[in-house]
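Participant: The structure is given below, and queries will be raised subsequently.
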Amino acid sequence: WEKITAHNNNKDEIADMQQAYNHMIDRIDENMTKQIRFVSDASHELKTPLSVITSYAELLQRRGKQRPEIFDESVEAILSEAGRMKHLTEQMLMLAKNEAIENVRFEPVDISQMVRDVVRSLTLAYKREIHYYDMIEQSLTVSADEQKMNQAIYILVDNACKYSDREINIYIEEKDKQLLISVQDFGDGLSKEEQEFIFDRFFRVDKARSRKAGGTGLGLAICKAIVEAHGGKISIESRLNEGSTFTIHLPK
Ligand code: ADP
């Protein structure tokens, strides 16, 4: 700082520089804090599946040879937890490497078709009906990264399936030069306070429920990053115990 200001006698200029400098330091500080928190949360998240794997491996070692039912149960649990760790590490890497926002490959994408494909695959996976309403008159292509946008839409519809046992509606419409993709459910819903943190990494309202459903608490953070990398935004309307509507707003 002394070197920067050594040859400058203009007080106003120095004050401006000082302000910019402080701002920069604050941002570095903020980023460091975020990174440290991410690493500590990530380690914590990995501990649970690891300890389940260790317990079952020990059980296998002690009793696996004599009791076939213990053998089967342990192997199944180990495989399931290992799968969970794989999913978690893939999502963590995606966020840590900023993959959601870097290397976005824009190409013309038929969003209606993409949403239809997501709906079809989740209808099969969850064996339940998902209603799809396309309000766009002609087929519409937007410039997007097909794989990433597919992932963002998948996360929202998947969450609606995980956190609601009732009706799910997906709407696509055009409004004010924007393309809106809304995912509406009539499930748990979220309080105003929960809505504030919902896009934070590792935030989960009900950890046990999320875990049981194969959740990691990273889906919405990834979804938001992808949508913002497309110049769009994501909004939420929700009421506790009544349901939620998540909407992706994309520039056309
Ligand atoms: P997860 O992998 O746990 O589902 P997300 O980041 O996708 O992580 O979501 C974070 C949390 O937000 C979830 O654990 C859940 O508590 C809550 N949530 C997400 N979507 C919904 C929804 N449609 N209805 C109610 N709660 C939701």
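Participant: Only one of Ile130, Ile181, Ile136, Ile155 is crowded, with 17+ Cβ neighbours inside 10 Å and out of contact with any Cys (no Cβ under 8 Å at 6 or more places or on another chain); which?
Facilitator: None of the others qualify; the one that does is Ile181.
Participant: Only one of Ser139, Ser143 is more than 9 Å from the ligand (Cβ to nearest atom), touching a Phe, Trp or Tyr at 6+ places or on another chain (Cβ under 9 Å), modelled with pLDDT under 95 and over 26 Å from Lys86 (Cβ atoms). Can you tell me which?
Facilitator: Result: Ser143 is the single residue among Ser139, Ser143 that is more than 9 Å from the ligand (Cβ to nearest atom), touching a Phe, Trp or Tyr at 6+ places or on another chain (Cβ under 9 Å), modelled with pLDDT under 95 and over 26 Å from Lys86 (Cβ atoms).
Participant: State which residue pairs qualify: first residue closer than 14 Å to His87 by Cβ and inside the stretch 45-59, second residue of a type in the set (Lys, Arg) in any location, beta carbons under 9 Å apart, and separation of 6 or more residues or different chains.
Facilitator: Thr48/Arg84; Thr48/Arg211; Pro49/Arg84
Participant: Sticking with this structure for a sec: Give the residue, chosen from Val109, Val104, that is in contact (Cβ under 8 Å) with a residue 60 or more places away in the chain, over 30 Å from Lys47 (Cβ atoms) and touching an Asp or Glu at 6+ places or on another chain (Cβ under 7 Å).
Facilitator: Val104
Participant: Out of all the residues in the stretch 196-207, which are near the ligand (Cβ under 7 Å from one of its atoms) and at pLDDT 90 or above?
Facilitator: Ile198, Phe203, Arg204, Val205
Participant: OK, next. Just for the stretch 234-245: of the residues that are hydroxyl-bearing (Ser, Thr, Tyr) and near the ligand (Cβ under 10 Å from one of its atoms), which one is farthest from the chain's Cα centre (by Cα)?
Facilitator: The selected residue is Ser238.
Participant: When Ile248 is evaluated against the numbered criteria (1) more than 10 Å from the ligand (Cβ to nearest atom); (2) under 16 Å from the mean Cα position of the chain (by Cα); (3) more than 25 Å from Leu124 (Cα to Cα); (4) touching a residue at least 24 places away in the same chain (Cβ under 8 Å), which criterion, by number, is the only one it fails?
Facilitator: Unmet condition: (3).
Participant: Now a separate question. Can you confirm whether Ile28 is of a type outside the set (Gly, Ala, Ser), more than 24 Å from Thr89 (Cα to Cα) and over 20 Å from the mean Cα position of the chain (by Cα)?
Facilitator: Criteria met by Ile28.
Participant: Within the stretch 208-233, track down each residue that is in contact (Cβ under 8 Å) with a residue 40 or more places away in the chain, of a type in the set (A, V, I, L, M, F, W, C) and within 13 Å of the ligand (Cβ to nearest atom).
Facilitator: Ala213, Leu218, Leu220, Ala221, Ile222, Cys223, Ala225, Ile226
Every residue, every condition in (1) in a helix (DSSP H, G or I); (2) more than 9 Å from the ligand (Cβ to nearest atom), yes or no:
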position: Met149; (1), (2): yes, yes
position: Val157; (1), (2): yes, yes
position: Ala160; (1), (2): yes, no
position: Ser164; (1), (2): no, no
position: Ile170; (1), (2): no, yes
position: Glu173; (1), (2): no, yes
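Participant: While we're on this one: Does Ile14 count as in a helix (DSSP H, G or I) and closer than 22 Å to Lys207 by Cα?
Facilitator: no
Participant: When Asp188 is evaluated against the numbered criteria (1) within 16 Å of Gly243 (Cβ to Cβ); (2) modelled with pLDDT of 95 or more; (3) within 10 Å of the ligand (Cβ to nearest atom), which criterion, by number, is the only one it fails?
Facilitator: Failed condition: (2).
Participant: State whether the residues of the stretch 184-194 include one that is in contact (Cβ under 8 Å) with a residue 40 or more places away in the chain and in a strand (DSSP E or B).
Facilitator: Yes.
Participant: Step by step: first the residues of the stretch 206-226, then only those that are under 18 Å from Glu196 (Cα atoms) and aliphatic (A, V, I, L, M), then the one that is surrounded by the most Cβ atoms within 10 Å (Cβ to Cβ). Which residue is that?
Facilitator: Looking at residues that are under 18 Å from Glu196 (Cα atoms) and aliphatic (A, V, I, L, M), I get Leu218.
The values are calculated or read from the model by the stated rules, or taken from the named source; none is laboratory data. Everything numeric in this text was worked out from a predicted model, so none of it was measured. Because the Cβ atoms are built from the backbone with ideal geometry, glycine has one as well, and the counts that use them run over all protein chains shown.
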